[in-house]
Every structure is written in C-alpha cells, then in structure tokens.
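Single-structure report; data block below.
Derivation of every value follows stated rules applied to the coordinates shown; laboratory data play no part. The structure presented is a predicted model; accordingly, all values stated were derived computationally and were not measured. With ideal geometry, Cβ positions are generated from the backbone for all residues, glycine too; neighbour counts draw on all protein chains shown.
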Amino acid sequence: MSDKKKTASKGFSGKMGYVLAVAGSAVGLGNIWRFPYLAAKYGGGIFLLTYLILAVTFGFTLIMTETALGRRTGKSPIGAYRALGAKKMMFGGWINAIIPMLIVPYYCVIGGWVCKYFFSFLGANASQLQEDTYFTNFVSKPIEPLFWLLFFAIAVFVIIARGVEKRIEQISKILMPLLVLMAFAIAIYSVTREGALEGVKYYLIPNFKQFSIKTVVAAMGQMFYSLSIGMGILYTYGSYMKKDIDMESSIRQVELVDSIIAILAGLMIIPAVFAFAGGNPETLQAGPSLMFITMPKVFLSMPMGRIVGMVFFLLVFSAALTSAISLMESGVSTITEQTNWSRKKSTVIMLGIIIILGIPSSLGFGVLSFLRPLGGSILDFFDFITNSIMMPIAASCTVILVMKVCGFKVVIDEVKSSSKFRRKGIYLFIAKYLVLLFLAVILISSILTALGITKI
Ligand code: TRP
C-alpha cells in the first residue's frame, strides 16, 4: 500500500479521534505501573514536580516537533528522515524505530504479571495475594512467569495477525474512562486509610533535599516512556493526523489525560504503602514490583475486594494491551518497510524478538537473578538503556534534524497550517537553547551509570 493511501485509510476523523487514539496508546503500564514506583523511589513530591515541569516544557516541545514532522512528511521516522533529505542522519530514524522493539518484550513481561494477578483474584486462594512474599515467590519461579509472558505476547500477536486491532481499540476506549473512574475511587479509598496521610504528604509535598540529577534522569525517562516520545510513534501518529486539526491543543489534551492518570495512580499506590506497610523504605524502593505488592493489600482490605481487584487488573490489562499492540505494530511496520517481507512474516519475527528478549527479562527475577547488569535486574536494564540512553539520543537526533537539515520553519509552518501557534515563543526557546544541553546532561549522567560509576 502506498504511503498516501495508508494515510488516507488510517487518518483520524477529527481532533477527538486523534486525541483518543494517541491517549489510548500513551496511557498504559507507564502511567499505572511505572510512574508510581518511580515516584515512590525518587522522593515522592519532588519527583512529581520535576516530572510535571519536564512534561509541559521538554515533553511539549518534543511531541510538537515529532508530530509536526510526521504530519509534514506523512511518514514514520525512517521515511521522514529520508523525506527531509537527512541522508547523513539516517541513524536518527533507525534509533527511533528500534526502541519500540526493545521495549515491547519487557512490556509483555509486566503485561503477563497483570494477567496472572487478574486470574489470581478470580481464583479461590486470592487472600494469599496480600502476603509479602507472594510476588517474590511468583516471579522467582522458573516456568510460571514465562507462561504468563507468552500468554500476553501471544494475545498481542493474535490480535495483530488477525488484523482486529481496531475492534480492540474500540473496546479499550470504553474501558479507559472506567479505569480513570476506578483509579479515582481507589485513590479516595487509599488516602482515607489510617496512616495514609503521611504518604499523601510524601507524594504531594516536594522535599528539595531529595533532589538530585537522578531525579531528573528518572523523571525524564518517565516522560519519554509515558508520552511515547523519542521512539518514532509520534511521527507515525502525526502522519495520520488530518491537516486541519489543531495540533497544539490536541497535544495539550493528550498530555493532560496522560498526566492525570499517572498522578491518580500514584495517589492510589503511594499512600497505601504508608497505610499498609508503615511507609517501609524498602517497599518504597520496591521498583517494578510495587504495584503488585501494594494493590492486593488495598483490595483485600475492602468489602468485595476480590471483585474490585479482579476488575482493576482487567482494566489495567486493557490499557496495557492497547499500548503493547501499538508498540508491536510499530516494530512490525519497521520490519515490513525495511525488508519488504510480508506483514505476516514480520509479525512472526517480532513475536520471536519478544520471546527472545522477554525470557531473560522475566527470568531475571528468578533463575537469572544473579545477573545484575548495571546493578539492577535484567528488566531494569532494558528499561534503563531504552528510556535513559536511547530515547535521549533519539530525541536529540530529532532536534538536530530540525536545526541542521530542515529548519524550525518547517515545524512552525506545519503547526500554523491548522491553527495559531500559541506557545511558539516558548517552543522555540526550549527547542533551540535548552533541549540539546539538557539531553546531553541526562545522557552523560546515564552513561556514568552504564559505566558502573553510579547505580540505576
Ligand atoms: N506510553 C506507554 C505507557 O505509558 C508505553 C509506550 C512507550 C508506548 N512507547 C510506546 C505505547 C509506543 C505505545 C507506543 O505505557
């Protein structure tokens, strides 16, 4: 199919369609699973504040640039770099395109854990889920987590192979508002538990003593991850965006939805760590396992908690599924476009990549736990190299592409072709003077970690 036709058939019908589609892909495990554990780990309020400032400045600038270049060229990143004549910078297109292929394997590991918890709430032994050792016992088993990884990965594969993504997305559009409502209700329940107030303070009041470059690196990585920046996705979505849609306000809405859901998830989980585990510093540092350790305690303390837990994990599953579909889809289109293999073959290859990289990420909590690349688990390792190293490089390439090859005028004209560019001044200031400097600092700090001089 030619690019033009693809754009026409996939184009979003209006602003609402665009916002819902991009928010559907952006809202996922990043908001519900990743944001709360990072906030808990990196000092609560200070992390939240750093994140929000970054999202409305750097995040906004980078999303606008990627979307505008995508809409202008009508192409995904590799094609966009080519179309803009950046022959010497094709590396930039490639790195953008490869990142989703490295994220989706470990995304499926967590997706698998979500499935496991859903079924466990359904089962007769649900009360065991609140025990402290339950999660560790589960992830350290050799076979069971692999089964759930495959379960989730094959679900995504089948949906893509049968071409029923649209239907799943429609279902998820109904489920997403339910997830927001539910998160809201759970957050109210959590913050009103005895002892939770300490947690609310920890989460909402910034403690500047806890601030360090690590806070910024973590918040920046989260911003990339949660808003799907620096991995080509927004070029592709931009290429589907109709020329008359107000780009700036659509992007603002996507950012708003994404941040609200992340903040709510934090309010659901962090105060609960204080109410149910006395703010145990070890739990706050739990990392990827935090949601799985904390949420069952919350649910099982409620009346009808098993049903609530089951519905919660079902809704999280739906958010994770749509994001995983969009990640895998992006990998499949890159393979198809670059090799001319059939979509079927590319989809099978992508499933192979998920399995090959997903298995060690999963076993890293059990049989392979003696491997501690960069001082963290294997999953943390993939998460770190993609979010804290590759995405800043990908984002830098985009900014350099604009500065050196096509000029800011291309971006500005593209935005202005459909509406006023209200924040043009701030956009240009950040894009021209701050982004590269800032990304360089982040990269250096991350490389120091990668060299073992500091820890993840
Ligand atoms: N933003 C998604 C989340 O919060 C994760 C993600 C990263 C993603 N990159 C993506 C989703 C690309 C879809 C496409 O969970």
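At 7 Å along Cα-to-Cβ for each site, give me the label-to-label distance between D413 and E131 in nm.
Label-label distance for D413 and E131, simple model: 6.7 nm.
With a ≥ b ≥ c the root eigenvalues of the C-alpha gyration tensor of the stretch 109-261, is it rounded (a/c under 1.5), prolate (a/b larger than b/c) or oblate? Working shown, then result.
Working: a/c = 1.69, a/b = 1.10, b/c = 1.53.
Taking the square roots of the gyration eigenvalues as a ≥ b ≥ c, the stretch 109-261 is oblate.
Can you sort M64, M403, M182, M304 by how many other beta carbons sit within 10 Å, fewest first?
Values: M64 26, M403 14, M182 19, M304 9.
Ordered by Cβ neighbours within 10 Å, fewest first: M304, M403, M182, M64.
Hey, rough spin-label estimate for S301 and M403, points 7 angstrom out along Cα→Cβ, what's it come to in nanometres?
5.0
What is the fewest-to-most order of D380, D246, D258 by other Cβ atoms lying within 10 Å of their Cβ? Working shown, then result.
On the way: D380 19, D246 16, D258 24.
Starting with the residue having the fewest Cβ neighbours, the order is D246, D380, D258.
Give the Debye-formula value of log10 I(q)/I(0) at each listed q (0.06, 0.11 Å⁻¹), with one equal scatterer per alpha carbon of the chain, two decimals each.
Calculated log10 I(q)/I(0) at the listed q: -0.24, -0.84.
Can you tell me which lysines have their Cα less than 22 Å from the Cα of K209? Leave out same-chain residues fewer than eight positions away.
The qualifying lysines are K41, K201, K455.
Rg and Dmax of the stretch 28-170, using alpha carbons, in Å: what are they?
20.0, 61
Taking R0 as 35 Å, what's the FRET efficiency between L436 and A83 from their Cβ-Cβ distance, rounded to 0.05? Display every interim value, and only then the final one.
Details: r = 23 Å, r/R0 = 0.66.
For L436 and A83, the calculated efficiency is 0.95.
Taking every pair of distinct Cα atoms and averaging 1/r, then inverting, what Kirkwood hydrodynamic radius in Å comes out for the stretch 281-346?
Its Kirkwood hydrodynamic radius stands at 14.8 Å.
Taking only DSSP H segments of four or more residues, each worth -39500 (n - 2.57), what value at 222 nm results for the chain once the sum is divided by all its residues, to the nearest 500 deg cm²/dmol? Don't jump to the answer; show the numbers that get you there.
Numbers: 23 runs with 324 residues, N = 456.
Rounded to the nearest 500, it is -23000 deg cm²/dmol.
Using the Cα gyration tensor of the stretch 337-419, with a ≥ b ≥ c the square roots of its eigenvalues, what is the shape: rounded (a/c below 1.5), prolate (a/b larger than b/c) or oblate (neither)? Don't jump to the answer; show the numbers that get you there.
Working: a/c = 3.61, a/b = 1.70, b/c = 2.12.
Cα axes put the stretch 337-419 in the oblate bin.
Find how much the distance from R343 to K243 grows on full extension, using 0.36 nm per residue of separation minus their present alpha carbon separation; answer in nm with one decimal. Could you put the intermediate results ahead of the total?
On the way: separation 100, 0.36 × 100 = 36.00 nm, distance 2.82 nm.
So the chain would gain 33.2 nm between R343 and K243.
Work through the residues other than G407 whose Cβ is under 15 Å from its Cβ and net out their charges, Lys, Arg +1 and Asp, Glu -1. Before the final figure, lay out each step's value.
On the way: positive: R72, K404, K409, K416, K424, K432; negative: D413, E414.
Spelling it out: positives minus negatives among the neighbours equals +4.
Once a ≥ b ≥ c are taken as the square roots of the eigenvalues of the Cα gyration tensor of the stretch 242-382, is the result rounded (a/c under 1.5), prolate (a/b larger than b/c) or oblate (a/b not larger than b/c)?
Working: a/c = 2.09, a/b = 1.31, b/c = 1.60.
Because a/c hits 1.5 or more and a/b fails to exceed b/c, the stretch 242-382 counts as oblate.
When I335, I188 are ordered from fewest to most other Cβ atoms inside 10 Å of their Cβ, what list results?
Values: I335 21, I188 11.
Listing I335, I188 from fewest to most nearby Cβ atoms yields I188, I335.
For a Förster distance of 35 Å, can you work out the FRET efficiency between the beta-carbons of L178 and I205, rounded to the nearest 0.05? Numbers along the way, then the final one.
Details: r = 31 Å, r/R0 = 0.87.
The computed FRET efficiency comes out at 0.70.
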